[in-house]
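*Asks:* Please read through the structure below; I'll follow up with questions.
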Amino acid sequence: MSNRTILIGGQKVNLTDSDYIAQGGQGVVYLKNNAIFKIYHDPKQLIPEDKMDELQVLDGITNVVIPSKSIYDPANNQRIGFGMRYIKDTEFLCKLFVANFKAQNKISPQMIVSLVKNMQETLISIHQKGIIVGDYNEMNFLVDKGFSIPYYIDTDSYQTPSYKCNAIMDSVRDRTLPMGDFTEFSDWYSWGIVTFQLYTGIHPFKGKHPKYKMNDLDGRMTDNISVFDKDVAVPKFVNFTGIPKAHLEWYKKVFIDGERSIPPFSDGVINYAVITNTFIDPNASVTATLLYTVGGMILDTSWRSGAHHILTTDGFYYGDQKKVSFDNEIDRGSIIYTSTGEFVFIVEKNKVVYAFDESKNLIKQFDMDYQSYAVFNNCLYVMQESGLVQYSFEKIGKLKMIPKPISTLNLNSSKIFDGVVMQELYGKYKAIIPYEYNGCSSIDIKEIKTNRIFDAKRIDRWMFIITESSNGTADFYRIYFNENFSKYEIKCDKDVAFRNINAMVKDNGMVVLNTEDDTLELFFDFKRGTKVIEDSPVQNHLKLIDGKTTCFIDGDKIYSIQMK
């Protein structure tokens with residue numbers, strides 16, 4: 001797309017491809033001079049200027065991002081979009097629903113209580129200004145890297161004195177009101193659903209009930225059949241003890257009794273583990289056996305020569321035998337093996353990334369965080385202005401780090417995940433896949449048409465992607481590539497709950513994928529059948545890894561699983 005000149009606040013601004021961030025159904029978004037510019041495909045869909053004026057009452061609430069100034073086409077002075085503040089270094093709020101994301105980022109229960117309080121105080125402030133959020137769903141929030149500040153985004157849909165909110169995600173809709181009607185109390189009902197998931201990791205109307213189909217949210221929400229109902233079976237990881245007493249009692253009144261009210265503030269929290277101990281059901285068809293308990297939380301593992309190599313927050317282990325101790329706990333870490341048999345550790349501490357050998361000699365240091373790099377193929381991959389750079393490690397006298405650019409990319413609109421970089425440019429997604437050392441493929445994934453990819457993971461020839469769906473929930477894509485990553489097959493599970501991508505590929509090519517709760521799916525490709533195991537001990541937060549048999553990680557422990 002060629003450069004585009006716009007007019008905002010009486011000033012001309014030239015937008016180029018390098019300023020591009022994303023494109024959605026409504027328009028194109030650019031970032032320039034620390035400001036966001038949203039230009040609509042069809043100016044008729046643009047928020048009315050009168051409504052923008054009414055939203056300005058929220059300007060003093062610093063974590064609410066509102067449209068600020070209109071954008072005009074200088075050729076005809078037609079209004080085509082709006083500008084707003086840019087919030088740097090954020091994460092999707094819904095990722096905090098997943099227990100292992102909390103664990104990886106050291107998000108304590110007390111931090112969740114504080115975040116919920118901030119969300120509560122912000123909603124009170126919005127209501128005091130005479131504004132109703134309406135569509136208060138988890139997709140309309142970001143959180144800062146400290147996981148304490150909730151940012152309210154997509155505010156152009158808010159209900160103002162003269163303009164109604166005209167859409168809402170079904171999973172947060174108050175069934176006591178006619179469709180399209182919103183009040184402060186319906187906002188608080190939706191707030192309750194979102195914050196309940198922050199506390200517990202589960203939607204309050206999920207779980208299994210004998211009289212309702214698995215995904216019958218509408219029936220359950222209409223009838224107040226929540227996770228508190230005696231006949232509802234919830235996943236084993238769900239723990240209500242982390243909810244402050246005042247909020248727990250309010251949730252029960254709202255989700256059991258159908259009360260609509262403003263919640264009290266929290267009054268403290270029981271200090272419980274972010275990830276609960278694994279539950280082993282002796283009657284299940286899959287059994288779990290504890291293999292190792294190590295020191296510190298497990299960050300990375302590798303199954304080599306019949307043994308688990310384990311990197312934790314406090315050191316490196318062969319099985320349960322500690323071989324390398326770290327002076328300070330690390331935040332993240334990965335193991336790399338050189339072609340000559342040396343170990344390299346890539347570790348992150350306080351947004352600084354270090355590469356060092358098994359004798360703890362520093363090889364290289366970067367100032368960056370996890371959104372800029374990933375480790376796979378025994379290489380470190382870093383997104384930079386120059387493109388995607390592969391850093392390999394070779395012993396030339398001593399261990400050295402060898403950079404090699406392997407692909408161009410648009411830095412603003414690209415995101416690196418485990419095994420893949422996803423780049424979106426003007427509504428088209430491209431997967432940049434470093435599928436082997438010095439080997440990289442770029443391929444358009446034409447089926448994905450959204451401006452929000454929450455997570456992605458590529459393992460061998462398989463790639464899994466979670467995106468925002470067209471109705472505001474999540475879609476789960478399974479993609480299978482040919483050997484040179486030039487073609488693919490794809491399937492999509494529509495409208496699923498947001499979850500962690502928990503999958504592995506065995507040496508024989510069999511995929512083990514965790515889906516709903518304690519369910520595993522086993523498959524080789526799309527042509528052969530899928531075996532479903534519904535009573536496994538593997539919950540979504542328990543990372544699947546390889547071993548002599550399929551294994552999983554639970555905090556500082558590794559378990560193996562076997563069919564009876």
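*Asks:* Can you find a residue in segment 2-25 that is among the charged types (D, E, K, R), surrounded by 14 or more Cβ atoms within 10 Å (Cβ to Cβ) and either in contact with a helix residue (DSSP H, G or I) (Cβ under 6 Å, 6 or more places away or on another chain) or within 18 Å of Tyr152 (Cα to Cα) (or both)?
*Replies:* Among the residues of segment 2-25, not one is among the charged types (D, E, K, R), surrounded by 14 or more Cβ atoms within 10 Å (Cβ to Cβ) and either in contact with a helix residue (DSSP H, G or I) (Cβ under 6 Å, 6 or more places away or on another chain) or within 18 Å of Tyr152 (Cα to Cα) (or both), which makes the answer no.
*Asks:* Any residue at all in segment 347-354 that's surrounded by 13 or more Cβ atoms within 10 Å (Cβ to Cβ), at pLDDT 90 or above, closer than 25 Å to Gly547 by Cα and under 28 Å from the mean Cα position of the chain (by Cα)?
*Replies:* yes
*Asks:* Still on this model: One residue is enough: does segment 302-319 have a residue meeting the conditions surrounded by fewer than 19 Cβ atoms within 10 Å (Cβ to Cβ), among the acidic types (Asp, Glu) and assigned by TED's automatic domain parsing to the domain that holds Gly547?
*Replies:* Checked segment 302-319: no residue is surrounded by fewer than 19 Cβ atoms within 10 Å (Cβ to Cβ), among the acidic types (Asp, Glu) and assigned by TED's automatic domain parsing to the domain that holds Gly547.
*Asks:* Tell me yes or no: at least one residue of segment 328-340 is of a type in the set (Lys, Arg) and in contact (Cβ under 8 Å) with a residue 24 or more places away in the chain.
*Replies:* Yes: one or more hits.
*Asks:* Evaluate the following for Lys400: is it touching a strand residue (DSSP E or B) at 6+ places or on another chain (Cβ under 9 Å), over 28 Å from Lys106 (Cβ atoms) and part of a strand (DSSP E or B)?
*Replies:* The answer is yes for Lys400.
*Asks:* Restricting to segment 88-103, name every residue that is under 30 Å from Asn14 (Cα atoms) and surrounded by 15 or more Cβ atoms within 10 Å (Cβ to Cβ).
*Replies:* Thr90, Glu91, Phe92
*Asks:* Out of all the residues in segment 56-67, is one or more touching a residue at least 60 places away in the same chain (Cβ under 8 Å), surrounded by fewer than 19 Cβ atoms within 10 Å (Cβ to Cβ) and not hydrophobic (A, V, I, L, M, F, W, C)?
*Replies:* Among the residues of segment 56-67, not one is touching a residue at least 60 places away in the same chain (Cβ under 8 Å), surrounded by fewer than 19 Cβ atoms within 10 Å (Cβ to Cβ) and not hydrophobic (A, V, I, L, M, F, W, C), which makes the answer no.
*Asks:* With the structure loaded, tell me whether Val227 is outside any helix (DSSP H, G or I), of a type in the set (Val, Ile, Thr), within 27 Å of the chain's Cα centre (by Cα) and buried (at least 18 other Cβ atoms within 10 Å of the Cβ) or whether it fails that test.
*Replies:* Yes; evaluated as a whole, the condition is true for this residue.
*Asks:* Exactly one condition in (1) surrounded by fewer than 16 Cβ atoms within 10 Å (Cβ to Cβ); (2) not in a strand (DSSP E or B) is not met by Asn412; state its number.
*Replies:* Of everything listed in (1) surrounded by fewer than 16 Cβ atoms within 10 Å (Cβ to Cβ); (2) not in a strand (DSSP E or B), Asn412 misses just condition (1).
*Asks:* Which residue out of Phe498, Phe523 is among the aromatic types (Phe, Trp, Tyr) and either without any contact (Cβ under 8 Å) to a residue 24 or more places away in the chain or in contact with a Gly (Cβ under 6 Å, 6 or more places away or on another chain) (or both)?
*Replies:* Of the residues listed, the single one that is among the aromatic types (Phe, Trp, Tyr) and either without any contact (Cβ under 8 Å) to a residue 24 or more places away in the chain or in contact with a Gly (Cβ under 6 Å, 6 or more places away or on another chain) (or both) is Phe523.
*Asks:* Also: So, in segment 419-466, of the ones that are among the basic types (Lys, Arg) and either at pLDDT 90 or above or in the same structural domain as Val98 (by TED's automatic domain parsing) (or both), which residue ends up surrounded by the fewest Cβ atoms within 10 Å (Cβ to Cβ)?
*Replies:* Taking segment 419-466 first, the residues among the basic types (Lys, Arg) are 428, 430, 446, 449, 452, 457-458, 461.
From the residues that got through so far, the ones that are either at pLDDT 90 or above or in the same structural domain as Val98 (by TED's automatic domain parsing) (or both) too are 430, 446, 457-458, 461.
Working: Lys430: 21, Lys446: 10, Lys457: 19, Arg458: 23, Arg461: 18.
In this case the residue turns out to be Lys446.
*Asks:* Now for a separate question. Specify the residue that is modelled with the lowest pLDDT; the eligible residues are those in segment 363-379 that are part of a strand (DSSP E or B) and closer than 26 Å to Asp144 by Cβ.
*Replies:* Of everything passing the filter in segment 363-379, Asp367 is modelled with the lowest pLDDT.
Residue by residue, here is whether (1) modelled with pLDDT under 95; (2) polar (S, T, N, Q); (3) closer than 17 Å to Asn137 by Cβ holds:
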position: Trp188; (1), (2), (3): no, no, yes
position: Lys206; (1), (2), (3): yes, no, yes
position: Asp223; (1), (2), (3): no, no, no
position: Ala233; (1), (2), (3): yes, no, no
position: Asn239; (1), (2), (3): yes, yes, no
position: Trp250; (1), (2), (3): no, no, no
position: Gly268; (1), (2), (3): yes, no, no
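The values are calculated or read from the model by the stated rules, or taken from the named source; none is laboratory data. This is a predicted model, so every value here is computed, not measured. Every residue, glycine as well, gets a Cβ built from its backbone with ideal geometry; the counts of neighbours run over all protein chains shown.
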